[in-house]
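Readers should treat all values here as calculations from the given coordinates under stated rules, not as data from a laboratory. Keep in mind the model is a prediction, meaning the values are calculated, not measured. Because the Cβ atoms are built from the backbone with ideal geometry, glycine has one as well, and the counts that use them run over all protein chains shown.
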Amino acid sequence: MTLLSFSSVTVQFGADPLLTDVSFTVSQGERWGIVGRNGTGKTTLLRFITGSLEPEAGHVNRRAGLQMTMLDQYREFGSARTVWEAAAGGYEDLLSLEKSLAREAERLGELGDRVTEGDLRRLDEAQERFHHQGGYGFHAQVDAVLQGLGFNAEEARTRPLQELSGGERGRVGLAAQLAAPAELVLLDEPTNHLDLDTIEWLKNHLKDSGKTVMVISHDRAFLDDFAGHILHLSHGSATPYRGGYSAFVRQRDQALLTLQRQADDQRKEIARQEDFIRRNIAGQKTAQAQSRRAMLARLPRLSPPPVEDDPMEVRFELSNRGGDQVLVVEGLGVRIGDRELVTDFSTIARRGDVIAVVGPNGAGKSTLLSVLLGEAPSSSGTARIGAGITPAWYRQDHAHLPKDRSVYDCVGEARPTWNRGQIQGHLGRFGFSGDEVKRSTNSLSGGERARVALALITLQGSNLLALDEPTNHLDVESIEALEDALENYPGTVLLVSHDRALLRELTNRVWAFSENRLTDFPGPFVDWEERAAEAERQRLEERLEAERFARAEEKAQTRKAAEEKRALTRPRRMAEKAVAAAESLVAEAEAAVAEIEAALADPKLYDGSPGTAQEAGRLNLALKEAKTKLDQAMAEWVDAQESLETLKSDDDLSR
């Protein structure tokens, strides 16, 4: 079933078109990744999908009644005060109805006997509406999403939003979109500020949800694992491809190669025809040459495929080689307040190492970098930078950028001997040209700030790079340019990143956080991933085995307790059976006595005949025997009842 379609959509901002003749179709349950350079219109495309913007030409068709939710890069939470309220923002109407039901139930309770049938009917109708809209299930849905994104769902109900960091607010915004009741989920860079484990959870959650999802993302590994379709925005066009990111790259390269070959073949054919025309226009084949010239005039020319300029020309050059031992760490401890982040960590980082620093959000990755670079003190041990080593630190929050300075001045102050052409040439390699170099750093977007930060770091000639989430806010092409530069860099890199593709491509060692331990894994990230996945599978198997053992132990204990209880109650049960048997004998004896007494009361028995007199004598003897049996049965019943009462009394005392 088609949920959404674009038909010849054109968007124009100012004099230049942003998107031209865009057409594609999205069906129910599909998962789309949207890629393209910053500024190509990816976020604008989402706004056309939601209807907050309308195209100048063409049509955006949505299925009638389509429910959608959109997460952009700027999170707003309305009137929500707690983390849970913000995450449940998509259920605002249900939350209001829930509170109304609680107030109404309290009011009816106070009315007591004065409650009317109308009151009860209205309450029942409201409860039915609450149930029909999913009111009895959305709490669990919100809790599950919060847990998956690293929050304690119970604490979230009282934790104020104002306490959250920027990264935490991003995760709350993502939780609100994932928990909301929607058929189409639109996400803009959802993996920013997520750690590796949370990105893995997000991928699985989106795949298992069954919803239709469209995601703008620069995370190539995420798109490879998640997406079944890629929409590529470039040079004003939006081209759909089937498959994940790697499949898209192969298909795009093949399509570009085909277009280039077609253009080259046409160019060669045109040259051949023009040569024929030149040689024969005034000769015997004039008519043929004129015909071919007319044909060429009508021929639509094929343009070669548009060439993507490099988004950044990144080169990390060394001012000096430095020693082989770049960083020597001995018994290092790192602490924030009372919280211990790292204990007793020892290692040596050597020249040429590219070390992935991984761990959950809040583990202390950024703090570790600050301690290793001497920007913050350690709680124990030492971290010593080797001889001839000059570090450069790319901070995740871009705090190293000069504040309220023009982009031009940032480079000019770092290179005071450069002339205007050199400064502009350097900035041009990072995508800044013309009047853009006059912009203040305070006005730059996240991606622009990242490019300025990289432009400044490349000027330092450092032989040790500490990069803290350098791919945040960069588009895929810029990330690939950074990846190429780091691959050719001869120095040492400490790389904090959630970009699995980058880590898989570059690193040869991994420092992994686990609780307050930091482990040095002597191999590339891809090997560490396999080892970590195997360890997680083993932990899961051990947990399942422990749960199975616990269930078996619980069953055994239950069975044992039941047997012990039966053993303890066996005498009482036997006594109860004895009382029941005695009661049955008494009842039988009483019936026998009553039957004989009824026979003796028959007047015909006393008519004076010898036969009846004999029968009366026999009945009197039988009555005597029956009463004797009744007395015996009563005595047995009394004994059994006394035994039972004694056992009951003993049981009561034992309790």
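Under 1.5 on a/c is rounded, so check that first for segment 384-457, then, if it is not, pick prolate when a/b is larger than b/c and oblate when it is not; a ≥ b ≥ c are the square roots of the alpha carbon gyration tensor eigenvalues. It is oblate, given that a/c is not under 1.5 and a/b is not larger than b/c.
Between residue 13 and residue 537, the simple label model (points 7 Å from Cα in the Cβ direction) yields a spacing of 4.7 nm. Counting only Cβ charges, +1 for Lys and Arg and -1 for Asp and Glu, the dipole size of the chain around its Cα centre is about 3580 debye.
Modelled label positions at residue 413 and residue 526, each set 7 Å beyond Cα in the direction of Cβ, lie 4.3 nm from each other. Here residue 211 is the anchor, and the aspartates and glutamates within straight C-alpha reach of less than 14 Å, apart from those fewer than 8 places off in the same chain, are 30, 183.
Scalar couplings 3J(HN,Hα) for segment 244-250, obtained by applying the Karplus form with A = 6.51, B = -1.76, C = 1.60 to θ = phi - 60°, are x, 5, 4, 5, 4, 4, 4 Hz; x denotes Gly and Pro. Here's how it looks for residue 518: its modeled amide H is under 5 Å from those of 343, which are all 5 or more places away or on a different chain.
Each of 156, 521, 562 was placed along the dipole of the chain (beta-carbon charges, centred on the mean Cα), and the one lying farthest toward the positive end is 521. Using only Cα atoms and rounding to the nearest 10 degrees, what angle (0 to 90) does helix 446-457 make with the longest principal axis of the chain? Relative to the chain, helix 446-457 is tipped by roughly 60 degrees. Assuming charge only on the beta carbon of Lys and Arg (+1) and of Asp and Glu (-1), the dipole of segment 221-281 about its Cα centre is about 260 debye to the nearest 20. Taking label positions 7 Å along the Cα-Cβ direction at both residue 5 and residue 641, the computed distance is 8.9 nm, reported to one decimal. Only helices enter this figure: runs of n ≥ 4 DSSP H residues, each worth -39500 (n - 2.57), summed and divided by the residues of the chain, yield -16500 deg cm²/dmol at 222 nm to the nearest 500.
Going down the list 99/207; 42/438; 577/627, which pairs span over 28 Å between their C-alpha atoms? Over 28 Å Cα-Cα: 99/207.
The DSSP beta bridges internal to the chain are antiparallel in roughly 55% of cases. Each Lys and Arg Cβ is given +1 and each Asp and Glu Cβ -1; about its Cα centre, segment 120-262 then shows a dipole of about 560 debye.
Classify the chain as rounded, prolate or oblate from the Cα gyration tensor: take a ≥ b ≥ c as the square roots of its eigenvalues, call it rounded if a/c is under 1.5, otherwise prolate when a/b beats b/c and oblate if not. Since a/c reaches 1.5 and a/b is larger than b/c, the shape of the chain is classed as prolate.
Ordering 119, 499, 188 from the fewest to the most neighbouring beta carbons within 10 Å gives 119, 188, 499. Since only 359, 581, 213 are under comparison, the one whose Cα sits farthest along the positive direction of the charge dipole of the chain, derived from C-beta charges on Lys, Arg, Asp and Glu, is 213. Ranked by the mean number of other Cβ atoms within 10 Å of their residues, highest first, the peptides 140-152, 460-472 fall in the order 460-472, 140-152. The slack in the chain from residue 209 to residue 147, taken as 0.36 nm per residue of separation less the alpha-carbon distance, amounts to 20.7 nm. Amide H contacts for residue 394 (H built 1.01 Å from N in the peptide plane; partners 5 or more residues away or on another chain; cut-off under 5 Å): 466, 467, 468. Computed from phi, the 3J(HN,Hα) profile of segment 195-211 under the Karplus parametrisation 6.51, -1.76, 1.60 (θ = phi - 60°) reads 8, 4, 5, 5, 4, 4, 4, 4, 4, 5, 4, 5, 5, 7, 5, x, 7 Hz, with x in place of Gly and Pro.
FRET efficiency for the pair residue 577 and residue 555, taken as 1/(1 + (r/R0)^6) with r the Cβ-Cβ distance and R0 = 35 Å, rounds to 0.75.
Couplings 3J(HN,Hα) for segment 543-550, derived from phi with the Karplus relation 6.51 cos²θ - 1.76 cosθ + 1.60 (θ = phi - 60°), are 5, 5, 5, 5, 5, 4, 4, 5 Hz, where x marks Gly and Pro.
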